[in-house]
1. When the helix-only estimate is applied to the chain (DSSP H runs of n ≥ 4, each -39,500 (n - 2.57), divided by the residue count), what is the mean residue ellipticity at 222 nm, nearest 500 deg cm²/dmol?
2. Classify the chain from the C-alpha gyration tensor, please: rounded if a/c falls under 1.5, else prolate or oblate depending on whether a/b exceeds b/c.
3. Suppose R0 equals 30 Å. What FRET efficiency, 1/(1 + (r/R0)^6) with r the Cβ-Cβ distance, do Met1 and Ser57 give to the nearest 0.05?
4. Which one, Ser109, Asn38, Leu70, projects farthest toward the positive side of the charge dipole computed for the chain from Cβ point charges (K/R +1, D/E -1)?
5. Give me the dipole magnitude in Debye, nearest 20, for the chain about the Cα centre, with unit charges on the beta carbon: positive for Lys and Arg, negative for Asp and Glu.
6. So for the chain, taking the charge dipole from beta-carbon charges (+1 Lys/Arg, -1 Asp/Glu), which of Asn140, His88, Phe172 sits furthest toward the positive end?
7. Looking at the range 79-175, which GluC sites (Glu not before Pro) are in a loop (DSSP not H, G, I, E or B) and have at most 15 other Cβ atoms within 10 Å?
Amino acid sequence: MDLKDYIRSIKDYPKKGILFRDITTLIKNETAFDETINQIVDRSKKFKVDKIAAIESRGFVFASAVSYILKKPFIMLRKKNKLPADVHSIDFKLEYGTATIEVHKDSISENDFVLIIDDLIATGGTAEAAAKLIEISKGNVAAFIFVINLFDLGGSDNLLKKGYKVENLMDFPGH
């Protein structure tokens, strides 16, 4: 099964000049979604993993299913002011401004190996911030697994250069 067949490309969304890679067409097809989850689970077995984390919000769709199958705790990395308990926060730059993501301080124990799952990697700013959250929580980034890599935007390569392990299920150009 070629998962690329289930990704819809939308021109000029959310703004002119952007070619948006839409995963909703993949997750609404039970066979494609099942195959995606199975591929993530298979790739995750290469790494020592104690917990699974996902970046809000589309990453939650994939990571929660993987967490269930692997019987590993699930950690939500959320936008600012979305988590009710004490948090670690990281500010980071986006192509169009800045953002903040947070994690509960009690989500990660010292030396936990945390697998980070997200739907897509572009420039990698959000992924790097996620890694920093794991590290300031005294955990270790086991690896990243992305459903889509926008290879010409360099995020996956940047993570690899920083010493992180990265897996991508499929590659698309970013433009």
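1. Working: 5 runs with 51 residues, N = 175.
After summing the helix terms and dividing by the residues of the chain, the value is -8500 deg cm²/dmol.
2. On the way: a/c = 1.63, a/b = 1.23, b/c = 1.32.
Taking the square roots of the gyration eigenvalues as a ≥ b ≥ c, the chain is oblate.
3. Numbers: r = 25 Å, r/R0 = 0.85.
Rounded to the nearest 0.05, the efficiency is 0.75.
4. Ser109
5. Numbers: 26 positive and 25 negative charges, 49 e Å.
Here the chain has a charge dipole of around 240 debye.
6. His88
7. Working: sites: Glu95, Glu102, Glu110, Glu128, Glu135, Glu167; in loops: Glu95, Glu110.
Filter output for the range 79-175: Glu95, Glu110.
Readers should treat all values here as calculations from the given coordinates under stated rules, not as data from a laboratory. Being a predicted model, the structure only gives us computed values, none of them experimental. All Cβ positions, glycine included, derive from the backbone under ideal geometry; neighbour counts span all protein chains shown.
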